[in-house]
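Structure, as structure tokens:
The values are calculated or read from the model by the stated rules, or taken from the named source; none is laboratory data. Quantities reported herein were computed from a predicted structural model and do not represent experimental measurements. Note that we place each Cβ from the backbone using ideal geometry, even for glycine, and neighbour counts take in every protein chain shown. The area values use the complete protein model at the heavy-atom level, side chains included, leaving out ligands, DNA and RNA. Shrake-Rupley method; radii C 1.70, N 1.55, O 1.52, S 1.80 Å.
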Amino acid sequence: MSTDHIWYASYGSNLSAARFGFYLSGGRPPGASRTYPGARDATPPVADRALHVPGEIFFGWDSPTWGGGGIAFLDLAAGGEALVRAYRITHEQLADVVAQEMHRDPGDALDVDELIGARRLVLGPGRYETLAVVADLEGEPVVTFTCPDDDARPAVNAPSGAYLAMIAAGLREAHGLSTPQIRDYLLPAPGVRPTWTPERLDEVLAA
């Protein structure tokens, strides 16, 4: 197996394979306010897997990409499990995905060896500048990125309906979950209540 590949694990909107594709091919996803430049190598992932990883998702910040509302972060220190979709991509593609999440232009190298050795790499204080190895799959590391766990951690904020619907689409695709199962997974996440009641959440997820 090629050592040039790594698994990128998404727990937010990139659970949807179609939306993640814009990080590789470039363009503006439906419903988004941002156009992505894409990766230097636009080749689709060679594989993807549904996984459970340690941690808990929460919603925070206020995202202009989604017209306001919180976006998902992974609390790596929390108990429980988070549902992710892992995409097998190249090291270069991972570097370009990370750059775009940090609102930077793709093209810079990422020290993957340091990340794998330390299992954690902090690139800065930004929202998605903390990279972590959260699992190993088929002999290769599974990497995700999230916010810092210090004072730079975003304040909890309720997500928009459009953002929740995108996550739900990805959970259906990757994990085969029903609407009640998605509701039961999302409802306890910090930031969801009290804005989203079970009834309101069901309406958005079923749409």
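Anything in region 18-47 that is of a type in the set (A, V, I, L, M, F, W, C), open to solvent by less than 80 Å² (accessible area, probe 1.4 Å), in contact with a strand residue (DSSP E or B) (Cβ under 9 Å, 6 or more places away or on another chain) and part of a loop (DSSP other than H, G, I, E, B)? List them, or say none. Reasoning before the result, please.
Here is the first cut: in region 18-47, the residues of a type in the set (A, V, I, L, M, F, W, C) are 18, 20, 22, 24, 32, 39, 42, 46-47.
Imposing the further condition that a residue be open to solvent by less than 80 Å² (accessible area, probe 1.4 Å) reduces the set to 18, 20, 22, 24, 32, 39, 42, 47.
Still in the list and also in contact with a strand residue (DSSP E or B) (Cβ under 9 Å, 6 or more places away or on another chain): 20, 22, 24, 39, 47.
Scanning region 18-47 gives a single hit, Ala39.
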Any idea which residue in region 76-94 is most open to solvent (accessible area, probe 1.4 Å), counting only those that are touching a Pro at 6+ places or on another chain (Cβ under 8 Å) and part of a strand (DSSP E or B)? Glu81
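State all residues of region 95-119 that are closer than 27 Å to Ala42 by Cβ and not in a helix (DSSP H, G or I); if no residue qualifies, say none. Talk me through it step by step, then tell me what you get.
Start the filter on region 95-119 by keeping residues that are closer than 27 Å to Ala42 by Cβ, which leaves 95-116.
Matches in region 95-119: Met102, His103, Arg104, Asp105, Pro106, Gly107, Asp108, Ala109, Leu110, Asp111.
For region 47-57, check the following and say yes or no: at least one residue is over 28 Å from Asp113 (Cβ atoms) and at pLDDT below 95. Let's see the steps before the verdict.
Within region 47-57, the subset over 28 Å from Asp113 (Cβ atoms) is 56-57.
So of that shortlist, the ones also at pLDDT below 95 come out as none.
No, that holds for no residue.
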Does Val133 fit the bill of being at pLDDT 95 or above, within 18 Å of the chain's Cα centre (by Cα) and over 18 Å from Ala72 (Cβ atoms)? yes
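Conditions (1) on the phi > 0 side of the Ramachandran plot; (2) open to solvent by 50 Å² or more (accessible area, probe 1.4 Å); (3) not in a loop (DSSP other than H, G, I, E, B), marked per residue:
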position	(1), (2), (3)
Val142	no, no, yes
Ala152	no, no, no
Leu171	no, no, yes
Pro180	no, yes, yes
Asp184	no, yes, yes
Arg193	no, yes, no
Asp202	no, no, yes
Leu205	no, no, yes
Would you point out the residue of region 95-140, among those that are under 21 Å from Ser13 (Cβ atoms) and among the basic types (Lys, Arg), that is surrounded by the fewest Cβ atoms within 10 Å (Cβ to Cβ)? Arg104
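Being under 23 Å from Cys147 (Cβ atoms) and of a type in the set (Lys, Arg) narrows it down to one residue among Arg19, Arg40; which is it?
Answer to the check: Arg19.
Within region 1-17, track down each residue that is over 20 Å from Leu164 (Cβ atoms) and open to solvent by less than 10 Å² (accessible area, probe 1.4 Å).
Let us first name the residues in region 1-17 that are over 20 Å from Leu164 (Cβ atoms), namely 1-8.
Of everything in region 1-17, those that are over 20 Å from Leu164 (Cβ atoms) and open to solvent by less than 10 Å² (accessible area, probe 1.4 Å) turn out to be Ile6, Trp7, Tyr8.
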